[in-house]
Amino acid sequence: MTVENEYLEKRRKKILQLREEGINPYNNTFVPSHSHNEIVDKYKDFDNSNFTSDNFMYKIAGRVIAIRSFGKSAFIKTIDNITKFQIFISNDSVGKEKMDFFKKFIDIGDFIGVEGKCFFTKTNELSLEANDITIITKSLNTLPEKWHGLTNIETRYRQRYVDLISSDKVKEIFLLRSKTISNIRSYLSKKGFLEVETPILQNVAGGAAAKPFKTYHNTLDMDLFLRIAPELYLKRLVVGGLERIFEIGRNFRNEGISTQHNPEFTMVELYQSYSDYKKMMSLVEELIINCVDLVSVDRKLIYQDENIDFNPPWEKVDMIKWLSDNLGYDVLSETEELFKEADKLGMNHFGLPGRAITEIFETKFLINKFNPVFVCGFPVDVSPLARRNDADSRIVDRFELFINGKEIANAFSELNDPDDQLDRFRKQIELKQMGDEEANDMDADYINALRYGMPPTAGAGIGIDRLVMLLTNSSSIREVILFPHMRNE
RNA sequence: GGGCCGUUAGCUCAGCAUGGUAGAGCAACUCCCUUUUAAGGAGUGGGUCGCAGGUUCGAGUCCUGCACGGCUCACCA
């Protein structure tokens, strides 16, 4: 007998026996009258000292996660959603026959239905004294050990269902993720933003610098790409007259996997007409603080070993000015010096000063930057979709938000000059021919849209996974994604 | 992709430096036990030691290769 069979066989036998006795081990007739949480909430002001039986009969359902048996009585711990609840069962409460049934057939992991009245134990724990007990769903597999739970990271991710059963902490992370997204949605809705959905399967994967996933449509007989960003479609909608819009959705980038990167990740991208990157800064600040307020009373978080203070106003730094000051020369004009510095650091800048500036800046500036900081004013050659600064056409009106040294948001005043946009796309194509796999492709239809006129608009994208990492103190992005991608076993 | 680390019972882990019949706790099974909180007590069963080679009289242990995973560096949000 293999080990797998030792457990499975025993429980399979119980299922057979149950069926023989006319009991459906996968019963769908039990209707609970209350959730665990509803009962806990109802008696929250009571304890041993002030509670007298109210004779109210409850019907509750849940998964058995622990059994402490004394022979003629037992305590059963069940869980529904996130609330644990204790059931007391004994010969006196259900009768010897039902008690024997319980001892013979009910295992840890099973879903059971119980009917009974509430009482407080000697140790003041609200419990239900069972008058009746029934099996709702038999479980064949054994749950992980009660004390350590499931700690093997690989198994946790591959079998997230077991992880969720055995860890409150994991459940809390995903509850907070859900709350965060709801919060963002309601914040933007209140500000008059309309939620929209744009194609994930795209002809041209544009709107960001990234390598796309390629797929194929049979009937249309054409290659398609999974979107790397919704940006160009959202701005088409702004052209169409939807002046405040957002989309919360998945982007796909065919790149490395790390504690900060999953091949598919969730962003909220939003566009606001008659705004600019400076106003967008305030909006992003407010939106993120709103999310921090979900978990912190003083807008401070401890992330790993660092304290992060989200109280506004957040630091703002001008990239070009900071780097010029620190290197001792004007990085926009002294390109020879700049490239020497970049080559020293082994950077692949494709002869673009902007690439070198951005990369050198990030390596030098982000050290020991834990609090939120807006990095403003990017070189035009790393920002093919952003509006040029009115005073200096070599830079664009753009910011990136870094928290704990990690990029959380990217935003800019949108480029709405179709001729400039066309030139930018052409430069991107040159770069692609030079071997830059992440350069944008030409999107002729997007140019066509801009030719109808797009009102001045600011846009922002916020990485939701990374935000949730901060809020839940998770060191890896996989901790905040239910099913992170893994190699086949 | 590089470096370092890991993979032993359903789960959590010892065992490996120095090769000699595979260990514990939880879970399971049999008993005792009617207020427990990782309940307690007595007993029993459970293993292709990630996979494949090699060295050796003998490998969980040493060597090589591979797979999967973790951390980290590089690229990216």
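The values are calculated or read from the model by the stated rules, or taken from the named source; none is laboratory data. Worth saying up front: this structure is predicted, and the values here are computed from it rather than measured. Note that we place each Cβ from the backbone using ideal geometry, even for glycine, and neighbour counts take in every protein chain shown. Note: areas computed on protein heavy atoms with side chains; ligands, DNA, RNA excluded. Shrake-Rupley method; radii C 1.70, N 1.55, O 1.52, S 1.80 Å.
For the stretch A:3-143, the share of accessible area belonging to carbon and sulfur comes to 49 percent (1.4 Å probe, ligands and nucleic acids excluded).
Rolling a 1.4 Å probe over the heavy atoms of the protein chains gives the stretch A:3-143 an accessible area of 56 Å² per residue. Rolling a 1.4 Å probe over the protein heavy atoms of the stretch A:195-335, with every protein chain left in place, gives an accessible area that is 48 percent carbon and sulfur.
Normalised by the number of residues in the stretch A:3-143, the average gap of Cα pairs under 8 Å and 6 or more apart makes the relative contact order 28 percent. Within the stretch A:65-168, the chymotrypsin sites (Phe, Trp or Tyr not before Pro) that combine a DSSP coil assignment with at most 11 other C-beta atoms in a 10 angstrom radius are A:PHE70, A:TRP147. What 222 nm value per residue comes from the helices of chain A, counting each DSSP H run with n ≥ 4 as -39,500 (n - 2.57) and dividing by all residues, nearest 500 deg cm²/dmol? After summing the helix terms and dividing by residue count, I get -10000 deg cm²/dmol. Between A:ASP330 and A:ASP132, the distance separating the two model label sites (each 7 Å from Cα on the Cα→Cβ line) works out to 8.7 nm. Distance between the C-alpha centres of the stretch A:152-204 and the stretch A:33-48: 29 Å, rounded to the whole angstrom. Amide H to amide H, with H built 1.01 Å from N, A:ASN254 comes under 5 Å of A:LYS211, A:PHE213, counting only residues 5 or more places away or on other chains. Over the stretch A:333-470, the reciprocal of the mean inverse Cα-Cα separation, the Kirkwood hydrodynamic radius, stands at 16.3 Å. Within the stretch A:395-489, which trypsin sites (Lys or Arg not before Pro) sit in a loop by DSSP and count at most 11 neighbouring Cβ atoms inside 10 Å? For trypsin sites (Lys or Arg not before Pro) across the stretch A:395-489 that sit outside H, G, I, E and B with at most 11 neighbouring Cβ atoms in 10 Å, the list reads A:ARG487. Surface exposure of the stretch A:326-454, expressed per residue as accessible area with a 1.4 Å probe, stands at 45 Å². By the equivalent-ellipsoid construction on the alpha carbon gyration tensor, the stretch A:55-107 comes out with semi-axes of 19, 14, 9 Å, ordered largest to smallest.
About its Cα centre, the dipole of chain A is roughly 2040 debye, where the only charges are +1 on Lys and Arg Cβ and -1 on Asp and Glu Cβ. The simple spin-label model puts a point 7 Å past each Cα toward its Cβ; for A:VAL162 and A:THR52 those points are separated by 5.0 nm.
Taking the alpha carbon gyration tensor of the stretch A:1-55, multiplying each eigenvalue by 5 and rooting it gives semi-axes of 39, 17, 11 Å, largest first. Using the alpha-carbon centroid of each, what span in Å lies between the stretch A:238-283 and the stretch A:365-384? The two parts, judged by their Cα centres, are 17 Å apart.
Taking each residue as 0.36 nm, the span from A:GLU21 to A:TYR43 lengthens on full extension beyond its C-alpha to C-alpha distance by 4.2 nm. Cα extents for chain A along the principal axes, largest to smallest and rounded to whole angstrom: 89, 56, 47. Given the C-alpha centroids of the stretch A:110-138 and the stretch A:439-489, what is the distance between them in whole angstrom? The two parts, judged by their Cα centres, are 47 Å apart. Given +1 at the Cβ of Lys and Arg, -1 at the Cβ of Asp and Glu and no other charges, the dipole of the stretch A:3-143 around its Cα centre is 380 debye to the nearest 20. Among the chymotrypsin sites (Phe, Trp or Tyr not before Pro) found in the stretch A:409-489, those both in a DSSP coil and sparsely packed, with 12 or fewer other Cβ atoms within 10 Å of their Cβ, are A:TYR452.
Here the peptides A:413-419, A:40-46, A:381-387, A:166-172 are ranked by packing, the mean other Cβ count within 10 Å, and the order with the highest first is A:381-387, A:413-419, A:166-172, A:40-46. In vacuum, with every alpha carbon of the stretch A:3-143 counted as one equal point scatterer, what does the Debye formula give for log10 I(q)/I(0) at q = 0.11, 0.16, 0.18 Å⁻¹? Two decimals, please. For the requested q values the scattering log ratios are -0.40, -0.83, -1.03. Just want the answer: with Cβ charges of +1 for Lys and Arg and -1 for Asp and Glu, which residue in A:ILE245, A:HIS217, A:VAL204 is farthest toward the dipole's positive end in chain A? Toward the positive end, the furthest listed residue is A:HIS217. Between A:GLU9 and A:TYR274, the distance separating the two model label sites (each 7 Å from Cα on the Cα→Cβ line) works out to 7.7 nm.
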